[in-house]
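These notes concern the structure reproduced below.
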Amino acid sequence: MTTPVISFQDYGFQYMSQAEPTLHHINLDIYPGERVLIAGTSGSGKSTIGNCINGLIPFAYPGKSTGRLLVDGKETQESSIFELSHVVGTVLQDTDGQFIGLTVGEDIAFAPENDCVPQEEMKQLVDQVAGLVDIVHHLEYAPHELSGGQKQRVSLAGVMVEEVKVLLFDEPLANLDPAAGRTTIELIDMVHERTGAAVIIIEHRLEDVLWRRMDRIILMHEGQIIADMPTARLLSGNLLLQHGIREPLYLTALRYAGVEIREALNPEHVDGLQLQQEDKEQVRRWYHSQRVGIRQEQHGQELLQIRDLKFGYTPDTYTLQDVNFTIYKGEMVSIVGRNGAGKSTLAKLICGFEKPVCGTISMEGRDLKGDTIKERAAYIGYVMQNPNQMISKPMIWDEVEMALVQSGMPKEERTRRVEETLKICGLYPFRNWPVSALSFGQKKRVTIASILVQRPQIIILDEPTAGQDYHHYTEIMDFLKELNEKGYTILMITHDMHLMLEYTKRAIVFSDGRMLADNTAAHVLNNPELVQAANLKETSLYTLSLACGIEEPQVFTECFIGYEQKEVR
Amino acid sequence: MAKVAILSYIRRESPVHALTGTTKLIFFLAWSVASMVTYDTRVLLCMLMISAVVFKISRIRIRDISIVLGLAAVFLLLNNLFVYLFAPEYGVELYESRTVLFTIAGPYTVTLQQLFYHLNMTMKVICVVPVALLFIACTDPSEFAASLASIGVSYRIGYSVSLALRYIPDVQREYHNISQAQQARGIDLSGKDKLFTRLKNSVAILLPLILSSLNRIETVSNAMELRGFGKNKKRTWYVKRKMQRNDWLTIGFVAVVLVIDLVVTFWDGSRYFNPFV
């Protein structure tokens, strides 16, 4: 048997700043050329494992370790971060942060530069690696000229240039739209084929990673390894759901229909499913029993109207054009499309951060043209993607009260409003806490509360769940759903297919600054042309329904969501 | 987001652009020394003409750098004004003669010697400014770090400069986004509020910005370490260009200028050229 390239032996680790160990009794061997997925909720210790492998622990984050960790046969304690970087190449989650050079070429050359590789040789090396990941025509580009997927290619090239034995990816999909995520997984697959390096992916978006074969899944929970088994076996059990990881959608659908998930089903990939005749029959029966339950929604009053909107940062090119839609009172709508399709620009126009070239934005029939940002804030609330970019007061109460203080509202009225808002957001028990004591999801609530306190009629959220695991995702989304049920109108910019399907009835699709569709989420995701144009990804439900001989995948998807809302929640 | 570039690299084809960063850095440093040392009007006049020629060759237009030029002019004016206010007779002392042109009030008399001193001082600045601006406008930022390292500055320092250049646009973009979102919460940064309120309000933007920048620094430094930054005493550079014939010619030229400058200036034991005695 070959020797493992990475070997944890009863390993434990405690960060210097923390009272409790983050990792307990880890026993894990990873062999050359393997493909391993490490899954787990945030705080499960999965990123810490990654940091142990690449040497950030203990060299950048000191702490106390027990047991042994061998990387390429060598105790990491006695190695150095530099030595380890020749064995393990790490692609960080934040590709912007990882992009060090001023251009693509320089960035790829960063590691060889530090190794004092002569320039001639270095240029050849860069060309060769850039060719491998297909970025060779962009060597002169600056980071801001690249798309998210392209930056990922550069990051990958930057570590591949070392001829490492292990490629470690820390949440590679977090900031990518669905199609770019899929391409990334394909890219990793290809690099694995060409280099033969072991691939370790740390990610909680299971279904997206499983787009290409993974040999094993390591499931982490509270600093321990709960499961270490072949993908098919793990998917067959209930372990994933129990530990806050979402299983692939098609498997959930099969479970709902009463089909038992077993290894013989080949559950790793929707295209490879080995469904028996009776399984298909079972799914069809379930589908017909659910079908009756679907009903059409009634529209409320018109709230926000966008007519012939056009906008460009420079006079001749338009970032957005021909945008027309109406949002009705009490709706929850998602705005989807690839990175750079104009979604965020639309939000900026609605909030008044930018001025349209032509066209109108009106609320309840009143044109907003003359209103300043501040005036619009009274009826339109905008929540940024990252709560850390919004929170500017140390205490929760002060943060939520801020907008009211600015508007010069009397103290009593303010107190009443803040209390009421905190209660709506479930933050009342924490009202005197410092913001720093909260989790990411709770901080998100604080930012939403700080907007709600102004009593806007419509709230726009930019990527409300980006980078969140299933648990936090559910927490945030259920809260938003609750708000929606209390009558708030919510507009969400997202590229999360699940979110769009499960929580919003309607989706408005953008591509290259134009509106492509305005329809139900299920309809959008079951229309292959739309899916492709907007860089979305058709859901696996679509494939599953076709495989079971159901001819209206869109209705099947609606059944699934209807069932989930009725029976599961 | 509209981009306002006050002073940055301007990509053009010119003999000045074609020189390596190292050459330009050496030229700039030697030129600065030469003009700082001398008060000799003849030398300064020659250097001024050379500066103008170099500027012409670089194909950078005045309006590309008009904002900075304007600022430089204002500082130069202020500088002259204050020198005169505090030492109206300095020129007389230097040139050991006194030719009164007219009197303003009290001790403030305008003498030919003082005017001559101001002329020299101004010429010194005018010699350096175009060369300094050209250094920035014609050197690819990628080459900054490499050229600093090649004259013996530690590559860590050189790389900090280059990283700052890399992240300035990102931080600007983030500042813009945060400030818009905070404005939507009633934070007003326009001139309407009192100064104190405005300062207090700017904290609402700066605090999140600083926190997120600190985060970014952690990521970047991790990313750099993971790719071996700081491993060796030296490193090689992907973007560094080989010295060409023109580079050596330029360095030779500026060396000659510096030598002539020093010889002419100190020939008679004084830094000042004195036409009055």
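The values are calculated or read from the model by the stated rules, or taken from the named source; none is laboratory data. Please read all numbers here as calculations on a predicted model, not as lab measurements. FYI the Cβ positions are ideal-geometry reconstructions off the backbone, even for glycines, and counts take in every protein chain you see.
Which of the residues belonging to the stretch A:2-51 are at positive phi and surrounded by fewer than 23 Cβ atoms within 10 Å (Cβ to Cβ)?
Correct list: A:ASP10, A:HIS25, A:GLY33, A:GLY43.
Residues are listed down the side, and each one gets a yes or a no for (1) more than 23 Å from B:ASP140 (Cα to Cα); (2) touching a residue at least 60 places away in the same chain (Cβ under 8 Å); (3) part of a helix (DSSP H, G or I):
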position: A:ILE100; (1), (2), (3): no, no, no
position: A:GLU120; (1), (2), (3): no, no, yes
position: A:VAL154; (1), (2), (3): no, no, yes
position: A:ALA157; (1), (2), (3): yes, no, yes
position: A:VAL164; (1), (2), (3): yes, yes, no
position: A:VAL191; (1), (2), (3): yes, no, yes
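Pairs under 6 Å by beta carbon, first residue facing another protein chain (nearest Cβ under 7 Å) in the stretch B:228-242, partner in a loop (DSSP other than H, G, I, E, B) and buried (at least 21 other Cβ atoms within 10 Å of the Cβ), six or more apart or different chains?
B:TYR238/A:ALA109
For B:THR250, indicate whether it is touching a Leu at 6+ places or on another chain (Cβ under 8 Å), hydroxyl-bearing (Ser, Thr, Tyr), surrounded by 20 or more Cβ atoms within 10 Å (Cβ to Cβ) and farther than 30 Å from A:LYS374 by Cβ. Full working, then the answer.
Values: touching a Leu at 6+ places or on another chain (Cβ under 8 Å): yes; hydroxyl-bearing (Ser, Thr, Tyr): yes; surrounded by 20 or more Cβ atoms within 10 Å (Cβ to Cβ): yes; farther than 30 Å from A:LYS374 by Cβ: yes.
So B:THR250 passes the test.
Looking at (1) more than 14 Å from every other protein chain (Cβ to nearest Cβ); (2) in contact with a helix residue (DSSP H, G or I) (Cβ under 6 Å, 6 or more places away or on another chain); (3) buried (at least 21 other Cβ atoms within 10 Å of the Cβ), which is the only condition A:GLY342 fails?
(2)
Could you check B:PHE196 against (1) among the aromatic types (Phe, Trp, Tyr); (2) closer than 30 Å to A:LYS123 by Cβ; (3) loosely packed, with under 15 Cβ neighbours inside 10 Å and say which number it fails?
Looking at each condition in turn, B:PHE196 falls short on (2).
Got a number for residues in the stretch A:393-413 being facing another protein chain (nearest Cβ under 7 Å) and under 16 Å from A:ARG431 (Cα atoms)?
Taking the stretch A:393-413 first, the residues facing another protein chain (nearest Cβ under 7 Å) are A:402-403, A:406-407.
Within this subset, residues satisfying the condition of being under 16 Å from A:ARG431 (Cα atoms) are A:402.
Matching residues across the stretch A:393-413 total 1.
Taking the condition in a loop (DSSP other than H, G, I, E, B), within 22 Å of the chain's Cα centre (by Cα) and of a type in the set (Ser, Thr, Tyr), does A:THR474 pass?
Answer is no for this residue.
Would you confirm, using the coordinates I've provided, whether B:SER150 is more than 9 Å from every other protein chain (Cβ to nearest Cβ) and farther than 21 Å from B:VAL68 by Cα?
Yes, satisfied.
Looking at (1) touching a Pro at 6+ places or on another chain (Cβ under 7 Å); (2) surrounded by fewer than 17 Cβ atoms within 10 Å (Cβ to Cβ), which is the only condition A:VAL357 fails?
Of (1) touching a Pro at 6+ places or on another chain (Cβ under 7 Å); (2) surrounded by fewer than 17 Cβ atoms within 10 Å (Cβ to Cβ), only one is false for A:VAL357: (1).
Select from the stretch B:204-222 the residues that are within 7 Å of another protein chain (Cβ to nearest Cβ) and within 19 Å of A:ILE57 (Cα to Cα) and list them in ascending order.
Hits for the stretch B:204-222 are B:ARG216, B:THR219, B:VAL220, B:ASN222.
Could you list, in sequence order, all residues of the stretch A:503-531 that are surrounded by fewer than 23 Cβ atoms within 10 Å (Cβ to Cβ), in a helix (DSSP H, G or I) and touching a residue at least 12 places away in the same chain (Cβ under 8 Å)?
Those that are surrounded by fewer than 23 Cβ atoms within 10 Å (Cβ to Cβ), in a helix (DSSP H, G or I) and touching a residue at least 12 places away in the same chain (Cβ under 8 Å): A:HIS523, A:LEU530.
Looking for whichever is touching a residue at least 24 places away in the same chain (Cβ under 8 Å), within 14 Å of chain A (Cβ to nearest Cβ) and either outside any helix (DSSP H, G or I) or in contact with a helix residue (DSSP H, G or I) (Cβ under 9 Å, 6 or more places away or on another chain) (or both) here; the options are B:TYR159, B:TYR117. Which one fits? Working first, answer last.
Values: B:TYR117 fails: within 14 Å of chain A (Cβ to nearest Cβ).
After applying the criteria, what remains is B:TYR159.
Of all residues in the stretch A:379-401 being part of a helix (DSSP H, G or I) and at pLDDT 90 or above, which is surrounded by the fewest Cβ atoms within 10 Å (Cβ to Cβ)?
The qualifying residue surrounded by the fewest Cβ atoms within 10 Å (Cβ to Cβ) is A:ASP398.
Of all residues in the stretch A:442-458, which are buried (at least 19 other Cβ atoms within 10 Å of the Cβ) and either among the polar types (S, T, N, Q) or assigned to a helix (DSSP H, G or I) (or both)? Talk me through it step by step, then tell me what you get.
Step one: of the stretch A:442-458, the residues buried (at least 19 other Cβ atoms within 10 Å of the Cβ) are A:442-454, A:456, A:458.
Those that are buried (at least 19 other Cβ atoms within 10 Å of the Cβ) and either among the polar types (S, T, N, Q) or assigned to a helix (DSSP H, G or I) (or both): A:GLN442, A:LYS443, A:LYS444, A:ARG445, A:VAL446, A:THR447, A:ILE448, A:ALA449, A:SER450, A:ILE451, A:LEU452, A:GLN454.
Are any of the residues in the stretch A:284-299 under 22 Å from A:LEU461 (Cα atoms) and outside any helix (DSSP H, G or I)?
The answer is yes, given that some residue of the stretch A:284-299 is under 22 Å from A:LEU461 (Cα atoms) and outside any helix (DSSP H, G or I).
Determine whether the stretch B:43-63 contains at least one residue that is within 25 Å of B:VAL264 (Cβ to Cβ) and assigned to a loop (DSSP other than H, G, I, E, B).
no
So, in the stretch A:52-73, of the ones that are surrounded by 15 or more Cβ atoms within 10 Å (Cβ to Cβ) and in contact (Cβ under 8 Å) with a residue 60 or more places away in the chain, which residue ends up farthest from the other protein chains (Cβ to nearest Cβ)?
So the first thing to find is which residues in the stretch A:52-73 are surrounded by 15 or more Cβ atoms within 10 Å (Cβ to Cβ), and the list is A:52-61, A:63, A:65, A:67, A:69-72.
When the remaining residues are screened for being in contact (Cβ under 8 Å) with a residue 60 or more places away in the chain, the result is A:53-54, A:69-72.
On the way: A:ILE53: 11, A:ASN54: 6, A:LEU69: 17, A:LEU70: 19, A:VAL71: 13, A:ASP72: 16 Å.
It comes out as A:LEU70.
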